[in-house]
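Take a look at the structure set out below.
The values are calculated or read from the model by the stated rules, or taken from the named source; none is laboratory data. Because the structure is predicted, anything quoted here is derived from the model rather than measured. Using ideal geometry, Cβ is built from the backbone for each residue, glycine included, and neighbour counts are taken over all protein chains shown.
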Amino acid sequence: MPETGSEERASFLEHEGLTLIFFGYARLPQALSPVGSAGVVAVEIEIGEDDHRVLGVIVNGLPTRAGRVLRDLLRNRRLDDELPRVIEQLPHRYIGLPQKALCTALPNVYDAYKRHVIRPPHGNGEHNGNCTG
């Protein structure tokens, strides 16, 4: 039962300013992958650009309770402060076969976040015409 994201859209509307979305994924064990599906767990975390507070969390490829656990752990917290702690706590809060995929997808989100934060801003207003960031 994939996450629909309706709750996250509502939180986005309450935020004034720009938001950033970070994405990570990992393969599910083959035994858990529905026939014809991509067989991946995908995690999206949306944050406010100014304060890096988590506005929404969407988890696809797992039952909705996985997304609920992540939302409960992260909602309205700073991504840089809380995500490492959540990565440590998750194996104790989400137990079962998909755990490894979820515990792999989250560090991928954090790696994307760190790459963005460390990367120098484009400041010159130029754009090279492609979507390479």
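Those residues that are free of Cβ contacts under 8 Å to residues at least 24 places away in the same chain and either aliphatic (A, V, I, L, M) or in contact with a strand residue (DSSP E or B) (Cβ under 7 Å, 6 or more places away or on another chain) (or both), I need them from region 96-118; list them, please.
Of everything in region 96-118, just one residue is free of Cβ contacts under 8 Å to residues at least 24 places away in the same chain and either aliphatic (A, V, I, L, M) or in contact with a strand residue (DSSP E or B) (Cβ under 7 Å, 6 or more places away or on another chain) (or both), namely ILE118.
Being exposed (fewer than 14 other Cβ atoms within 10 Å of the Cβ) and either assigned to a strand (DSSP E or B) or within 13 Å of the chain's Cα centre (by Cα) (or both): is that true of ASP80 here?
On the way: exposed (fewer than 14 other Cβ atoms within 10 Å of the Cβ): yes; either assigned to a strand (DSSP E or B) or within 13 Å of the chain's Cα centre (by Cα) (or both): yes.
In short, yes.
Please state which one of GLY17, GLY36 is assigned to a loop (DSSP other than H, G, I, E, B), at pLDDT below 65 and loosely packed, with under 14 Cβ neighbours inside 10 Å. Working first, answer last.
On the way: GLY17 fails: at pLDDT below 65.
Of the residues listed, the single one that is assigned to a loop (DSSP other than H, G, I, E, B), at pLDDT below 65 and loosely packed, with under 14 Cβ neighbours inside 10 Å is GLY36.
Within region 103-125, is even one residue farther than 27 Å from ASP51 by Cβ and either at pLDDT below 85 or out of contact with any Asp or Glu (no Cβ under 9 Å at 6 or more places or on another chain) (or both)?
The first filter runs over region 103-125 and keeps only residues farther than 27 Å from ASP51 by Cβ, leaving 104.
This time we only want the ones that are either at pLDDT below 85 or out of contact with any Asp or Glu (no Cβ under 9 Å at 6 or more places or on another chain) (or both), so: 104.
Yes, there is a match, as at least one residue in region 103-125 is farther than 27 Å from ASP51 by Cβ and either at pLDDT below 85 or out of contact with any Asp or Glu (no Cβ under 9 Å at 6 or more places or on another chain) (or both).
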